[in-house]
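Have a look at the structure below, then the notes.
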Amino acid sequence: LQYQVFSNPNREPGAAPGSGYFSQSGEDMIIEYILERLQISPSKITYLDLGANHAVYLSNTNYFYQHGARGVLVEANPNLIPELKLQRKGDTILHRCISEESGNIEKFYILNKDGLTSPDLSSVEECMRRDPGLTIEKVIDVETISVNDIFGRYFEKAPTIVNMDIEGKELEILNGLDFKTYRPLVFVIETIPYRTKLQKGEKQNAILEFMKTAGYVEYAFTGINSIFVDAMAFQPD
């Protein structure tokens, strides 16, 4: 039903009203502009989507999939895997929980609202405190996989885009990345905590400082996600 609600005969299924894009706050449009300025065709890129959630609805990678790009989608919520496999047949779909090490088993908390499921119980409890309508529907065991292992197993070189929406574990996962071996061009990282209303001034500065230290520039902030670009991509005038 979501695909029908967000579609009409004049644009691609699932696109936001009035556009051919899919992201919640224009992230895919901004990335397309970055790629255009760097003379990189969207069809030539690869991506890694960590916490992929829905295949089309509010996806930061589906626009590029629709234009020929391919990548890896990682989602720990088993309820979303059939949709991902149906809508993104050209991508590799992994039912795994992102962690610093592969092959372990972690508890994963599935909430009654999209996009908030997480292995981080403290993050889940904070979301429920902020929104009394949220409840834990189920707790499941999910096998873990590290981002470095995903890079090594599924990519010939670092993906062009890494999208991270893993509800409270972003900084922990970033700290474990091997930036010397793998340097994606663009990172899209959720840098605000969950709130039920529009907020300002709550960006997670620790993530910004880490990415700066790793050699990335915050190119844009959409109110939800920060878009970081490898500083080496910028050419002097």
Exception for R153 within (1) among the basic types (K, R); (2) under 15 Å from V72 (Cβ atoms); (3) touching a Phe, Trp or Tyr at 6+ places or on another chain (Cβ under 8 Å) falls at (3)
When restricted to A206, A233, the only residue surrounded by fewer than 17 Cβ atoms within 10 Å (Cβ to Cβ) and either farther than 25 Å from S23 by Cα or without any contact (Cβ under 8 Å) to a residue 40 or more places away in the chain (or both) is A206
- Item | Test result for Y182, assigned to a loop (DSSP other than H, G, I, E, B), at pLDDT below 95 and of a type in the set (F, W, Y) | no
Expected output for segment 28-44 (first residue more than 14 Å from S59 (Cβ to Cβ), partner among the β-branched types (V, I, T), Cβ below 8 Å, 6+ apart or cross-chain) is I30/T222; I30/I227; I34/V186; I34/I227; I34/V229; L35/I45; L35/T160; I40/T160
Within segment 18-68, residues open to solvent by less than 40 Å² (accessible area, probe 1.4 Å), over 25 Å from F234 (Cα atoms) and aliphatic (A, V, I, L, M) come out as L50, A52, A55, V56
Residue count, segment 48-69, condition assigned to a loop (DSSP other than H, G, I, E, B), polar (S, T, N, Q) and more than 17 Å from I227 (Cβ to Cβ), comes to 1
Considering segment 71-128, residues that are of a type in the set (S, T, Y) and in contact with a helix residue (DSSP H, G or I) (Cβ under 7 Å, 6 or more places away or on another chain), and then whichever is most open to solvent (accessible area, probe 1.4 Å), we arrive at T92
Selection over segment 77-136 where residues are in contact with a Lys or Arg (Cβ under 7 Å, 6 or more places away or on another chain), assigned to a loop (DSSP other than H, G, I, E, B) and not small (G, A, S) yields a count of 4
Flagged pairs (Cβ under 6 angstrom, 6 or more apart or on separate chains; first in segment 121-144, within 24 Å of I105 (Cβ to Cβ) and small (G, A, S); second modelled with pLDDT under 80 and open to solvent by 30 Å² or more (accessible area, probe 1.4 Å)) are S123/G168
Quick count over segment 130-162, residues being open to solvent by 20 Å² or more (accessible area, probe 1.4 Å) and β-branched (V, I, T), is 5
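The values are calculated or read from the model by the stated rules, or taken from the named source; none is laboratory data. Remember, it's a predicted structure, so these values are computed and weren't measured experimentally. We place every Cβ from the backbone using ideal geometry, glycine too, and count neighbours over all the protein chains shown. Quick note on the areas: whole protein, heavy atoms, side chains included, nothing else; ligands and nucleic acids left out. Shrake-Rupley method; radii C 1.70, N 1.55, O 1.52, S 1.80 Å.
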